Structures are given as C-alpha cells and as structure tokens.
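Asker: One structure follows; several queries about it will come next.
The values are calculated or read from the model by the stated rules, or taken from the named source; none is laboratory data. What you see is a predicted model; the values in this text were computed from it and never measured. Glycine gets a Cβ as well: all are built from the backbone with ideal geometry, and neighbour counts include every protein chain shown. Heads up: the accessible areas ignore ligands, DNA and RNA and are worked out on the full protein's heavy atoms, side chains in. Shrake-Rupley method; radii C 1.70, N 1.55, O 1.52, S 1.80 Å.
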Amino acid sequence: MALKKSLCTLGFDEDDVQDVIGDYKDFQNQDISKCPQKITIEIIGILSAAAQPASESVETILKSPVRAIFAYGTLRADYSSKGDKWGVTHGGTCTWTHATVSGFELYQEPNLYYPFATRSDKKDIKLVGTLLQWPSDDKLFAEKLSKCNQIEGWSPNLKHGLYKREVILATPIPTPLKNLPKKKADETNNRPKFKPPPPKPVKAYIYYQEKSEEHKANCVHFANGNWLNPQGTTKITKGFLKEQKDNPCGPSSAQERRAMDRGSVD
C-alpha cells in the first residue's frame, strides 16, 4: 500500500503505521504527500504522538560537561527584541553571544517559516547564530535543553526523528552583529543579556536535519549561513523571509511542524 510505504519511509514504526491507517481505508493507495492536508495532519499527528519516547532526564543531561546550545533559527536569542520565539531565552538568566559553526549549511522549505541546518563537506561554509548559556544554574540549563528537545521533537531513543542533535564547537563573534534588535522603551529587563564572548570555541548542542541533495535543491539556500541577515539566498527574496519571521503563522510545536513538513519524501 502506498500510504503505508510512504509513512514507513518517513521513519514511523511499521506496527504503529499499520494500526493507524486501518481507519483511513479510502487513502491507503495514496502517498501521504498526496492526501488531503487535513488527513495528512491527522495521520502524522497520531503517529508522532505514538513515537514520542520518554524524555531525556535532567540527571542524564548533567552527566555531560556541555552547557551551551547553538541556535540558528527561531531559537536565536536575537530573533526578536524579547529573545527567541519559544521563550527558551526569556527570564533574564540567559547569557548569549553571536557565534559561528563550521560544517553545516542553512536551508529553508519555501512553504515553512523556520530554517534547518544540514551537514556539509564544504570547508568554507559556516552557520551564524547565537550561543546560549545559563552559567549560574546547571539545573536550569538542563530544563532549557529539555524544552529544546521538545520543540525539535528530539529524544535519545528516537532513531528516525526529524531532527538530530550532537555536540559541536561554536566560535564566538567578538561584537554584536548589526541586526541585533533594539530594546523597546516599554520592555522589561527580562530579555536575554548580551555577554562578551569567551576567548576559545565552546562545546554546544546543535539540532540539525539530514536531507538529500535532491531535497535541498528545492529549498532556499542561505549562502552566508545567517537566517536573520541573509545574503546570497536562492529561490525567494529577503523580503519574504522577513515577512515570515515578523508574522509567523506556522505550526507551534515539533509535532505540528512534522505534520506540515511533508510536501515531499526524501
């Protein structure tokens, strides 16, 4: 059946798929990408929920010496004047610097409002983003990393999730980039604080996707690796990217994003 095959190709458990598609007999001969949007969202949502394993514990997180997160999209601390889109950096206890990471390229699906990083063999390619830290509170860092896991749909027990996570070296940039949003007069002091960078590269977690060359060819490519200040982008204009950032109307969780992120199958 085309529906079962396409869902298994996306990484869902075969037994879970078999259980779920029994309720969608009218669509079993269609690829999931060809089903009506409402049906696609329902099926992907059910399977995503079924696939969620136990979350990573605080104790497990703190066994690693890593205490930083590198964010290149909506989790960037300079995403807005208040911080990131999801509230991870809110509250006044997050410190951050602009930073770069080598070995990854930045892309965006034309119909989605957030970018994704993917591995690259190009030596001169870099991602630009923000290095997030909570230096005075290890437990809080663990809680924030757990929230990022939830946002990205990542778990150590999930082999075929949309996002992978690993430790990389992020190189701090000495001064704030020009696109740093200015604080508004009526805002409180709860936005994350800019902190002068440490002298050496910092180990940090990054979330990224694995995509085929064919898939990437149909996406927007950010040649300079900077989502908030794009130069040399392909496919769509900078104005469209800014409109998506300023007025995001996309899904607000990893489960919803997976449901919408199915225009093609790698």
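Asker: Taking a virtual spin label 7 Å from the Cα of Ser212 along the C-beta vector, which residues in the range 1-32 bring their backbone nitrogen under 18 Å of it?
Answerer: Those under the cut-off are 2-12, 31-32.
Asker: How much accessible area per residue does the range 15-165 have, counting only protein heavy atoms and a probe of 1.4 Å, in square angstrom? Each step should come with its number before you reach the end.
Answerer: Values: 6740 Å² over 151 residues.
So the range 15-165 comes to 45 Å² accessible per residue, rounded to a whole number.
Asker: Listed here are the pairs Lys122/Lys216; Lys5/Lys25; Lys63/Lys164; Lys63/Lys203; Lys126/Lys193; which of them are more than 21 Å apart at the Cα?
Answerer: Lys126/Lys193
Asker: Related question: Mind listing the Cα extents of the range 1-107 along all three principal axes, in Å, largest one first?
Answerer: 52, 31, 30
Asker: Follow-up question, since we're still on this one. Where in the range 90-105 does the amide nitrogen come within less than 13 Å of the point 7 Å from the Cα of Leu140, taken along Cα to Cβ?
Answerer: The answer is 90-96.
Asker: In a shell of Cβ-Cβ distance under 10 Å around Leu169, excluding Leu169 itself, what net charge do Lys and Arg (+1) and Asp and Glu (-1) give?
Answerer: Values: positive: Lys200, Lys203; negative: none.
After counting each charged neighbour, the total is +2.
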